[in-house]
Amino acid sequence: MKARTADTTRIAIHVDLKGLLFRPAYFEPLMQDLAGQGINTVLVEYEDIFPFKGLDITYARGDRWSPATLSRFLAAAKQNGIEVIPLQQCLGHLEYLFRWNRYRKFAENHAYPGTLCLSNPAGKALVADLLCQIMTAHPGSRYVHLGMDEAHKLATCPKCKRKGDVLTVFLDYLDELCDVCEANGKTPIIWTDMLEDHFRPGLFNRFRNRVIMAPWDYAAHGPVDHTVRFSGHRTSRRWLDHADDPAAPTLGAGTPFIEDLPKPLAAVIQRYRKGDGYQPIYPARLWTDLGFRVFGASVVRASGHLAVMPNYNHIRSNIRTWSGIIRQTRQFGVVGTSWARGTTFCPPGFNPDLTWPNIHYLANQMGARPKPFWPGIPPATVDRLITQIGRCRTDWRIEPSVIKEMTARRPKLRAHRHEWDSLLLMVKVLAWYRRADYALLEVEFFHANNRPVDSEWQRRIDDQAGILRDMAALRREVRAHFGKRYQGDAFNEWCHDLFDLWERKLKHCAQESKRKLRVAARQYALR
């Protein structure tokens with residue numbers, strides 16, 4: 001099945017290459033499977049593995065793609081009717097560049113070198129060169145994503161402050177970038193959080209036919225949102241009088257309130273009122289009403305879900321909400337973002353193999369009628385297992401029954417056994433985490449007393465030894481299984497992240513348990 005790209009709604013998946021790297025042999029199967037699910041667009045974020053000319057910025061030099069590897073990746077997409085949209089960060093999230101001392105001088109803030117200083121001509125020229133290299137390498141794409149999100153500390157240096165406020169500096173720079181993109185025959189796409197954080201009515205008209213807006217929101221949603229992102233993450237002050245209401249949103253010491261918005265901004269957000277809150281993901285409707293094309297950003301892999309397992313039910317809620325909005329507004333499309341790390345500096349998130357249930361769900365919600373990803377197992381059974389695993393990620397403890405059923409059903413699979421095994425293996429890891437966490441809790445609970453008898457401490461020591469043995473076996477299985485598809489420094493980092501800290505904690509608890517055993521044996525022998 002080949003996905004269509006021309007004049008259709010974009011159903012896109014984000015490929016974030018600052019985390020676990022695919023082995024090149026997987027490029028073709030990956031694109032075939034994406035097309036089979038009805039995906040017609042891939043948004044690719046290369047970061048430091050792109051073969052930039054004249055730059056030595058790759059964290060692990062062996063991970064850097066060659067031009068031939070890049071060509072193979074792009075050819076696999078083209079053969080399956082998938083358009084590749086490259087994403088090149090042009091303002092914030094340039095940590096992968098500015099971490100190196102040679103380039104840190106171009107950062108707005110050297111203490112956290114992530115945002116470009118827009119008063120440094122050499123820094124702007126360097127980023128423009130990266131952008132042009134990326135665009136040149138993607139002649140088949142009509143679009144390029146400029147990033148532009150989370151540009152913290154923008155317009156804080158003395159020179160930038162003299163240019164104007166954050167929004168003025170941002171929009172002037174965006175104007176320059178649009179010229180660069182148009183000269184290369186590309187239409188730019190940008191994340192919109194900086195615009196929503198610094199919104200001022202009437203300043204965006206000049207970009208209406210030049211820029212595609214990509215608002216992002218990865219939260220679970222009900223029929224109403226009680227928190228909105230508009231000049232900060234705001235909620236109503238009335239919740240201070242209703243702290244016992246289960247619907248009350250999270251509040252912090254610095255949470256701003258909607259009631260404090262200036263009148264011009266309050267008038268903008270008022271349009272999206274719904275009941276005692278606001279329409280879910282209102283920015284998609286806001287940018288639509290302002291006459292922009294919207295490329296909504298949902299999620300199939302959230303960095304906040306960490307290294308083991310996604311919260312499938314949270315993600316499904318987000319996908320349902322986004323898909324409904326994009327289909328209702330007949331907008332440009334939706335992308336299931338798949339964040340490999342929160343930032344360049346963060347640990348890698350859970351394995352991409354575990355995103356396939358989310359990819360299938362996104363395509364289905366967008367009306368693509370994807371093929372069953374695990375033929376041989378009834379779709380209703382797959383859905384039930386996925387939602388059960390989602391609850392296990394939060395508050396259920398039924399991993400053993402899920403493992404048993406998945407193992408029993410595996411022989412019936414007619415395709416994608418590797419992905420099934422990936423999910424099954426990580427459910428086993430999740431179950432192991434539960435055991436390890438309880439073993440640690442048992443020791444920590446008694447940190448201030450020595451009352452348990454020595455036999456109780458011996459039981460705990462035996463439990464800890466068994467958990468460590470099982471961890472060693474799981475570690476070998478994880479590395480062997482996932483190593484068939486993934487490689488590179490980030491893959492090794494992920495494998496260490498899964499187990500190493502737990503191992504150190506358990507070994508420390510084992511030493512403490514042995515000390516407690518000796519104390520108990522001595523004190524209870526006295527009488």
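The values are calculated or read from the model by the stated rules, or taken from the named source; none is laboratory data. These numbers come from a predicted model, not from an experiment. Neighbour counts run over all protein chains shown; Cβ positions are idealised from the backbone, glycine included.
What to note about this one:
- Filter result for residue 255 (buried (at least 19 other Cβ atoms within 10 Å of the Cβ), touching a Gly at 6+ places or on another chain (Cβ under 9 Å) and free of Cβ contacts under 8 Å to residues at least 40 places away in the same chain): no
- Condition check for residue 295: over 30 Å from residue 341 (Cα atoms), crowded, with 16+ Cβ neighbours inside 10 Å and either in contact with a His (Cβ under 7 Å, 6 or more places away or on another chain) or assigned by TED's automatic domain parsing to the domain that holds residue 167 (or both): no
- Of 166, 224, 211, all but one fail to be crowded, with 19+ Cβ neighbours inside 10 Å and among the β-branched types (Val, Ile, Thr); the exception is 211.
- When the stretch 299-311 is filtered for residues that are at pLDDT 95 or above and touching a Lys or Arg at 6+ places or on another chain (Cβ under 7 Å), the ones remaining, listed by number, are 309, 310, 311.
- Restricting the search to helices (runs of 4 or more DSSP H) fully inside the stretch 69-178 and requiring at least 2 residues that are over 22 Å from the mean Cα position of the chain (by Cα) gives 101-104, 121-136, 158-163.
- Restricting attention to the stretch 260-318, the residues that are small (Gly, Ala, Ser), within 30 Å of residue 425 (Cα to Cα) and assigned to a helix (DSSP H, G or I) total 3.
- Count of the stretch 210-226 residues which are closer than 21 Å to residue 167 by Cα and at pLDDT below 95: 0
- In the stretch 402-425, residue surrounded by the fewest Cβ atoms within 10 Å (Cβ to Cβ) [restricted to those that are of a type in the set (A, V, I, L, M) and more than 19 Å from residue 360 (Cα to Cα)]: 408
- Filter result for the condition that a residue is in the same structural domain as residue 319 (by TED's automatic domain parsing), part of a loop (DSSP other than H, G, I, E, B), free of Cβ contacts under 8 Å to residues at least 60 places away in the same chain and not polar (S, T, N, Q), over 223, 188: 223
- The residues listed here are 312, 278, 272; of these, the one that is buried (at least 22 other Cβ atoms within 10 Å of the Cβ) and over 25 Å from residue 354 (Cβ atoms) is 278.
- Answer residue from the stretch 430-459, given it is under 30 Å from residue 390 (Cα atoms), of a type in the set (D, E, K, R) and touching a Lys or Arg at 6+ places or on another chain (Cβ under 9 Å) and is surrounded by the most Cβ atoms within 10 Å (Cβ to Cβ) among those: 442
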